[in-house]
Structure formats: C-alpha cells, structure tokens
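A.B. asks: Have a look at this one.
The values are calculated or read from the model by the stated rules, or taken from the named source; none is laboratory data. Keep in mind that this is a model prediction, so the values were computed, not measured. In this analysis, Cβ positions are derived from the backbone assuming ideal geometry, glycine residues included, and neighbour counts consider all displayed protein chains.
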Amino acid sequence: MAGDLNAETAAYAPQGDDVSCGVGDHGGAMEATGDVRAEFWQDIPDAPDDAELNELRKLLLRREQIALEKLVRQEGEKNYHIQQVSDVIAEAIIARSGRDSQLRMAIEPIVDATLKNSIRKRQQDFVNVLFPLMGPTIRKSIAESFRSMLGAFSKSVEMAFSWKGLRWRFDAWRTGQSFNEIVMLHSLVYRVERVFFIHGDTGLVLAHMEGEGVGSLDAEMVSAMLTAIQDFVRDCFAKGDEGALDTLRMGEFSIFIEKSNKAYLACIVRGTPHDSFRTHLRETLELMLVEFAEDLDDFSGDTEAFSATERYLESCLVAHYAGDNEKKLPLWAKFMPVLVVLLLCGGTGYYWYTTDRFNTTMREAVQTLRLEPGLVVSHVERQKSGPWKVLALKDALARLPEDVLRRAGFDPSLFEIQTIPYLSYDASIVTKRASTGIDVPDGVEMTFDKGTLSFRGTATMAWILETREKARSLAGVEHVDMRDLRDPRMGEIAEMVRKIESVRVEFPVNKDVPVPEDTEKLQKTVDMLAVLEKRVKEMGMVMTLTIYGHADATGTEKRNYEISQARARTVAAMLYARGSSMPIAMYGMGADHASGDGGAGSASADRKAGGSVQADRRIEFRVYLARAVPAGTEALLQ
Amino acid sequence: MISKKICLLGAFSVGKTSLVEQFVHSIFSDKYLTTLGVKISKKDVAVDSVAVTLVLWDMEGKDTYADVNLAYLRGAMGYLVVVDGMRKETLQAAMDLHHLAEKLSGKSLPFYFLINKADLVDQWEVTDAMLDSLDKKSIKFFRTSAKTGQYVNEAFNALARDMLLASRA
Ligand SMILES: Nc1nc2c(ncn2[C@@H]2O[C@H](COP(=O)(O)OP(=O)(O)O)[C@@H](O)[C@H]2O)c(=O)[nH]1
Ligand SMILES: [Mg+2]
C-alpha cells in the first residue's frame, strides 16, 4: 500500500525538510487513508477467501464496492486534513491575528452567537460566575459616569423633572443661586483610591490597599516619602508646635493623613470628600490602634501581623456619588415642595422680591461675581446693617472676588467674602490650568474646547507621552486629542520598520545558518534592529520583534517545524548576543505551502515535484511598537 | 514581609548618594532630595533566604554634617556612616554623627562605617593607624568604593543581617 511505503520513507528521512523523499503531494493523504481503512475493516469479519465468490462479488457489487471505497477515502482525507490543521491551528491563529484583523472579524459573529445562545440556555450559571465580577465593575462605571456629569453641567437639565430636581430648583429659587450651582454642590463626587497604614517612627508601610481599578504604586516608597514630607513640614513650619500636616493637595487629588503618635492612615483621594470622611478616618485609626497596640509597640519590620487590618482599610476605600443619600419619602412629602412653592409664591415670595435700590445694586454685584469664571457663589446672607456675607467657591486660578468687584465698579467693602478652594471646570479656567500645568514647546499649539484639550504640531515622543499623562489628570479635561501631534523621528522609525519587515534571509538545505549570500544581509538587519531598538527606547517606546522561520515543503513535518524554529532562534540569538533587550517572539512555521500558490517558474515547478526551494527556507521579521508605560501608571494611561 | 529603614550618614560629598546608587537603582529623582533634604530608595534583598525590603534614607547636607536633618533618623533600624578616605576630617564627622545617632535612637542600633573611595586608596589621608583605632572601639567597617562597587553589596547585606538578628533577639 502506498500509505505504508510513505510512512517508511518518512521514518528513513532523518535529514529533514530539505531532503526530497520522492513522494508526491498525496503521499501524506494516502498514508492517512491507509490508517483509516485498517480501522474501518477492524470490526468486520473477514470474507471467505474463495475465488469464485470473489468473482461473483465483483460482478454483483462492483458499483457498491467503488462507492464504498470512495466514501472510505473521503473519510480518510477528511481525517488527514483535520490532523494537518490541528497541528498548526494555534500557531496560525497567532500569526494571523498579529497581521490583520480579518480572523477576528470572521470569528466574531460566531463567538457572539454562541455566547448569546449559551447565556440564554444557562443563565443561572453565568449569573453565578459573573456576579462577583460585575458588582465592582458596575460601581466603577457609575462612578465614572457621575464624574463626567460633574464636568458637563448641561446634564442638569435631565434633573429638572425628578423629585430631586424639583427640590433643587426650589433651593435655587430660595437661595438665589443658579440651578447649575446647586446641582454642582449636590453632585460633588469623591473617591478614596488608596489607603496606607504607616508606622509612625519608621515610616514603613504596615499595610495598604487600593480601590477597584486603581493601578499599583510602590507602597514602601510612597509611605517613606509621605513620612519624610511630614518630618520636613514639621521641621520647617511648625517647630515645637503640635500642628501636623493633615492634607496635601495636588490638582484633583489630595492626601488625607490621620495621625497618632504610633501610626497613621494616609488616603489618596480624588475629589473633595465629605466632612464625615475625616471623622471616619479618625474612628478607624482609633480602633486600629486599640486592636494592634502590641504589634505596633513591638514592630521591628515584620508586617505579617498587620494583614489583619484589611477590613479597616477596606472601610476607608469609600466613594461617594451624587444621589447616594436619597431617602425614600412618604407620598405626602412629595407634594410638600409644590405646596411650599405655591405658598411662597403667593405670600412671602412677594416680600422677597420687593426691593429697594440698594438691594438691587448689591444683587448686581453678586451677579457680577457669579459671572466670573472660576467663582461659584454658594451663599449670600443679607445683613440689616453692615456688609453682606458671601460664601464662594474659588478656583486657585480665578481672580480674587474683591478685584472682580472693584473692576466692575462696585465697592468691595460692602461685602464680606469668604472663599473655599475648589476646582472649576469652566473652560477659561481649564485653559489657564492647562497652560500653567503644561510646558508647551515651540512648534506645538494647544487649544481647549468643550472638554477636549487638543495639541497639534511636532514634539519629541517623550514630551508627548509625558504631556498626555499630565493633560489627562488635569481637572476639567475630559479628552486629550493628540492626533495632530507628531514626533518627526517617527518617520525614520517607520521607514526602518518597513525595511526590516521586507528583508528575507534564505537558508541552505537543512541548515539554520543562512546561505553565504545572505549572511551580510542578516548582519545588516541585525545592526538595523539594534539601531531601531535604541531609537525606539529614546523615544520612550518599547518594541517587540517577531521572527517567523520557514522551511520548504520537503521532508517530515516534525523536522520542518524544528528547522524553521531553529532558524528563527539563530537570529534571535544573534540579537541577544548584541545586548538587545527587546522581547522577541519566535515562531517556527514549518513548511510553507501557501507561498507556492500561483507562483510561476521553476520554483513553483520544483515545489510541485516535491523538490526543495531555497526561497521557502527563510526567516521574516515583524516589528510591533508600543508606548512604554512607566511602572504603576498603567491606570493613568487607559 | 519584613521591611527595614536604614539611614546613610556622613559629611558632605563622602559618597552616600553614590553608594546608594551603586547598591540600588533609585527611582525618585534628585528633585526630591534638594527640597526635602532626603532621598529615599528601596531594595529587596534576601538574608539567609528571608526576604527583606530595605528602605534607604540618604540624608543630604549642604556643607557640613551639621545641617543634616536629623529628624529623618527617627525610626531607623540601622545606619551606615560614610567616610571619605581622602579627607580625614570626615572621619571625625562620622564619629560625631555616630554618637548623635546613638543618642537620638536611645539604644544601640546595628551600624557600619564605610571608608569610601577605596579605588583611590593611594591618595587616602585616613591611615591604617586611624582605622586600627576604630577596631579598638569595636566599630566594624568596610573599605568601599561606590565607583567600582567594592564591598558595597557586602556592607548593605551585613547591615541587613545584623538588623534581622537584632529584631529576633
Ligand atoms: N573615585 C571615587 N569617587 C567617588 C566615590 N564615591 C563617590 N565619589 C564621588 O564623590 C562625589 C560626591 O559623591 P556623593 O555621592 O554625591 O556624596 P554625598 O554628598 O555623600 O551623597 C561625587 O563626585 C562622586 O562621583 C568612590 O568610591 N570613588
Ligand atoms: Mg548625596
């Protein structure tokens, strides 16, 4: 049988791919067919070996016999193809999905449908698996959406018809504030992102915890730095004084420190926490001090005992969103505001709006303050005599309210203005914040419009990356658009990548060292890769290299994989020997059937004849570039 | 996990920062150090197969050791006193700092003297006789070089081991 013959030949061909073993294209297929046939006849009893009977069988059942044989062959071929595909499917998927997105596009609808189907069928299973994962995610996305709401006040319109909205409208009317201001005050969001429990004397971190989706920081370093900063502040400003540093602020973030003589809690908070948060911190710390009193006294560097502080730390990782405090109200209460509004409109309201000239001037002055970007008047108290009291939120970059009044021709002494620091999302303030926070080099233009901070021009990649991070952490900036920002060196890099990817280095039969004509080409490519790696690193990026090794169609499959892999490995070794530190993925692709399709000329003819083709025995490169992410900042870059 | 705070003491320019740099590649930039007067680095080491995180506080003085902010010494579990072998006055400064550290911590902490710049030993002012007197006071020391790395790892590891023993005792 041809199949048996082929199997033997294969076994006697230890030289590998490049040794022609003289078997045609279908040799493999027949081998597989042979196996299937044997299997097929296994359970069927032998027919009596009678010449006449055989003759009769031939005469009677010839058509059926042929049909049967055909069926068996088809089955065998199918099995053979399954075998073939299963050998390479994983590598093929990897290789293809690195090249383009077609595979993904092809599979997507199938996966989609399958997933939907099995979710429908086994809903409970999915719920059980997903529930623990979904809770935090949902919480996170709620946090996100409320955060963006803070930035976009236009959303407040949506509140207009809810009960809360009505109440806020009433509040706005009552206090003379704009509706938007009320919405903002009520929507203030904060979130505790990290909490550290730090030993007082040594500044060593005893335990720490991060909130959902917060990237990790080097806790030891942070806690030591915090301790150093406190020592420093105490030394510089509060010599001998009891006063301790309790809050540090930077942009949208603040660090809340709750101290005792033995240990302290430090929380990194985004936004402005509620007053009650400070109280909660203090209470938590007190409880911890009681529970861990001995461990704290005996502390000599071993943090084991403090892993039990987990539940305390967890309780500090709070987040607060607008609407958290909504209580269920009885039905009658819902009609109260309407009633009150009617009453006020009819009676007291009239009195409130009868004004004298003085009051009008005063109100105009307050209005001037309201219109000032970065200032939010939150409370106005008229005095019978003496200055009106004004409480306002003020961004650090906003003008002083007194100056604003003076410039508009009002007498600032008629007001007693108290300000509370806050972060304004007003476009002009965000613009100011961006231009003070970001050092824009020549050749770059920065603009801010509708929450998007855009950059155009040319700059170094290092600057681009650094600025991207910085820009994203600026309060009020929702999107950073850097599509029109280029590093001119990028062109050179793209050119090098193109060159490298077009290089083909060929190999002699059954060797993993290139043919002499290509040795120099390979050396040059390796040089170029080294230069590219350096350039890429200089630009604050990382590269990964994939080397695909190929073999020609002759020889056993196993050997073909081995030799093609060895070829890829040789080149990787050359790169590492030159001190390269980039990640290199190596794929042995085995015999390359695809490249022969449609090829004309002798190569294709050779291949058809099962011959060895030098053009098939080669390696190829693919280069992938990515931005380098400094450790611990992944979350910031998302 | 076990962490230990270590302080580096010594006169100006004896090589404290260089020694730390040699031992660990620090990630916080020098910006912090000029404003705060301290530079903090971290290194994980294994002492007899126990993992220990060393948090190194490199204290910065501008002219003399006198303006080193000794508040940073608080809570140290061990320290290294660095001497510039080429300037004998830094040995006196080292002795003073060592006594100060003992007084401030109120107990005797593990410590070592590092007589640094050993790569330039032919230009040393610190003589063998002076080092013998350290021996007599049973002050242990290493002749280090931040430049060549000589005895740098050994010194930090020896201190780490002493600290670990001290905390077990
Ligand atoms: N030759 C030599 N120079 C050193 C050595 N250690 C430090 N230096 C040099 O001494 C100077 C002061 O070092 P620095 O680490 O800043 O001292 P610090 O003030 O104690 O932190 C620098 O110029 C260093 O290059 C050493 O072991 N050998
Ligand atoms: Mg220094």
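A.B. asks: Looking only at the range A:458-467, decide whether some residue is under 28 Å from A:E533 (Cβ atoms), in contact with a Phe, Trp or Tyr (Cβ under 6 Å, 6 or more places away or on another chain) and of a type in the set (A, V, I, L, M, F, W, C).
C.D. replies: Checked the range A:458-467: no residue is under 28 Å from A:E533 (Cβ atoms), in contact with a Phe, Trp or Tyr (Cβ under 6 Å, 6 or more places away or on another chain) and of a type in the set (A, V, I, L, M, F, W, C).
A.B. asks: Can you tell which of B:I6, B:I40 is more than 12 Å from ligand 2 (Cβ to nearest atom), at pLDDT below 85 and within 12 Å of chain A (Cβ to nearest Cβ)?
C.D. replies: B:I40
A.B. asks: In addition: Of all residues in the range A:443-456, count the ones that are over 9 Å from A:V477 (Cα atoms), modelled with pLDDT of 90 or more and more than 24 Å from the chain's Cα centre (by Cα).
C.D. replies: 5
A.B. asks: Here is a further query. Just one of (1) closer than 18 Å to A:D481 by Cβ; (2) crowded, with 18+ Cβ neighbours inside 10 Å trips up A:T447, so point out which.
C.D. replies: (2)
A.B. asks: So, one more: Could you tell me whether the range A:293-311 includes any residue that is in a helix (DSSP H, G or I) and hydroxyl-bearing (S, T, Y)?
C.D. replies: Looking for residues that are in a helix (DSSP H, G or I) and hydroxyl-bearing (S, T, Y), one finds at least one in the range A:293-311, hence yes.
A.B. asks: Which of the helices (runs of 4 or more DSSP H) contained wholly in the range B:87-169 include at least 1 residues that are within 15 Å of ligand 1 (Cβ to nearest atom) and of a type in the set (V, I, T)?
C.D. replies: Output list reads B:89-105, B:152-168.
A.B. asks: Please list, ordered by first then second residue, the pairs with beta carbon atoms under 6 Å, 6 or more apart or interchain, first in the range A:274-303 and within 14 Å of chain B (Cβ to nearest Cβ), second outside any helix (DSSP H, G or I) and not small (G, A, S).
C.D. replies: Close Cβ pairs satisfying both conditions: A:L296/A:K262; A:F299/A:H199; A:G301/B:I2; A:G301/B:K4; A:D302/B:I2; A:T303/A:L206; A:T303/B:M1.
A.B. asks: Counting only residues that are touching a strand residue (DSSP E or B) at 6+ places or on another chain (Cβ under 9 Å) and at pLDDT 85 or above, how many does the range A:260-288 have?
C.D. replies: 15
A.B. asks: Just wondering, is there one or more residues in the range B:157-166 that are within 16 Å of ligand 2 (Cβ to nearest atom) and buried (at least 21 other Cβ atoms within 10 Å of the Cβ)?
C.D. replies: no
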